[in-house]
Amino acid sequence: MIIEPRIRGFICTTAHPGGCAMNVRQQVGHVTAQGGIPGMARRVLVLGCSAGYGLASRITAAFGGGADTVGVSFEKPPSETKTATAGWYNNRAFEAEAARAGRKAITLDGDAFSDGMKAETIAAIAEHLGQVDLVVYSMAAPVRTHPKTGETFRSAIKPLGEPVTVKTLNTDKGEVFETELAPATPEETAGTVAVMGGEDWEMWIAALSEAGVLAPGFQTLSYTYIGSELTWPIYWKATLGKAKEDLDRAAAALRARHGEDAARVVSLKAVVTQASSAIPVVPLYGVVLFKVMKEMGLHEGCIEQIDRLFRTALPGPPRLDEAGRLRLDDWELSEPVQAEVKRRWARISTETLPELADLAGFRADFLKIFGFGLSGVDYTAEQDPQRVPAMAPP
């Protein structure tokens, strides 16, 4: 079948097998071009490994640090007439690249919030790696069923206390407009913390520790986003912020149990993801930010950001903020970048969008998530949606 992007609202319902494989190949190429990473963990578990920062972490660990990896994600497989999710193709493309490089790569598919998946992962680590030196927690999901109580929680992206009017962007139509957001109820706030906070991270580390598959001196990282004050009304000072604060609580609790450097929250920069595209304010902030950072030569995607984390921030004494976080959003939040973003923000409108922002780049990055728009891929060729095409060695 010929596979084309089908976009409905903030969702692309198709993914291109060959394009996803090329996306993985290009990320591998970026890491290998930087050379090896001395002292990198050699046995790595990535929770949420199939896309975005999780996939970038697995690629950087394997091809920058020479690591063997176990990855966990929850993806939809293909059928004869429907494509899989992009992450399903990404996982298989990564496995093929890892095998070519002589790296072990074991990928498990299922609900990472469940006790069953924790047990399956522990068994895979014990069989293939023995123990892990690094655990990356990069989970992104809107719903979580608690493995002990059976209660299902749903996240809600809403402000706290009072309604908020914000400026945002319709990325399909290229229109800037204002929208009013109703505040979250206490139940919605608690549900967001239950889904996106630190409890599941703690449960994973407890299960791995009890099973004896954490190596002495192991480290675990959980990724977060804090952002600019322009996004705070719907992000840091909203339900999402409460969940992010709970990650800080979990990190401190893990350090108390396992050592002062055992657990770190890593604050990363804004990038294009399917989830972030649906959050009011964030797409508009993103298109302005990306243009500013590109003009200043500071722009990074997921792979550039994670390569910098593993290559420059993790080795040596950690440089931490007041909450004990590692900050890789330092370029985004630098005074020159934010001053220019705020200057443009005051002028941004549908009419000024082409001059002040990079909507075309945002759209291109969004399509790349699903394997579309990558150079070197023949999108007119028929694809078997049930397999990832083999790629010639680079």
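Counting only GluC sites (Glu not before Pro) that sit in a DSSP loop (anything but H, G, I, E, B) with at most 11 other Cβ atoms within 10 Å, what is the longest stretch of the chain containing none of them?
Values: sites that count: Glu80, Glu151, Glu260, Glu322, Glu351, Glu382.
Here the longest segment lacking exposed loop sites spans 152-259.
Note on Ala211 and Asp378: their simple-model spin labels are 4.4 nm apart, each label 7 Å out from Cα toward Cβ. Its alpha carbons considered, segment 204-290 gives a radius of gyration followed by a Dmax of 15.9, 47 Å. Extending 7 Å from the Cα toward the beta-carbon at both Ala101 and Glu335 defines two label points whose distance is 3.9 nm.
How much of the accessible area of the chain, probe 1.4 Å, is carbon plus sulfur, in whole percent? Present the calculation step by step, with values, prior to reporting the outcome.
Values: 8870 of 16630 Å².
Roughly 53 percent, rounded to a whole number.
Calculated mean residue ellipticity, 222 nm, the chain: -12000 deg cm²/dmol, from DSSP H runs (n ≥ 4) at -39500 (n - 2.57) each, averaged per residue and rounded to 500. Just how far, in whole angstrom, is segment 298-359 from segment 63-100 if you go by their alpha carbon centroids? Centre-to-centre (Cα) distance: 28 Å.
Which entries of Lys167/Lys342; Lys158/Lys244; Lys173/Lys237; Lys294/Lys368; Lys173/Lys244 have Cα-Cα distances beyond 22 Å here?
Lys173/Lys237; Lys173/Lys244
In the full protein context, segment 266-320 carries 32 Å² of accessible surface per residue, based on a 1.4 Å probe and ignoring ligands, DNA and RNA. Based on the convex hull around the alpha carbon atoms, the chain presents an average projected area of 19.1 nm².
P(r) tail for segment 5-113, what percent of Cα pairs lie past 22 Å?
Working: 1751 of 5886 pairs.
Of all Cα-Cα pairs in segment 5-113, 30 percent lie more than 22 Å apart.
Restricting to the chain, what percent of DSSP beta bridges are antiparallel, rounded to 5? It would help to have the intermediate numbers written out before the result.
Numbers: 14 of 40 bridges.
Here the antiparallel bridges make up roughly 35 percent for the chain.
Heavy atoms of the protein chains alone define the surface here; on that basis segment 69-205 has 46 Å² accessible area per residue at 1.4 Å probe size.
The values are calculated or read from the model by the stated rules, or taken from the named source; none is laboratory data. Computed from a predicted structure; not experimentally measured. Using ideal geometry, Cβ is built from the backbone for each residue, glycine included, and neighbour counts are taken over all protein chains shown. Ligands, DNA and RNA are excluded from the accessible area calculation, which covers all protein heavy atoms including side chains. Shrake-Rupley method; radii C 1.70, N 1.55, O 1.52, S 1.80 Å.
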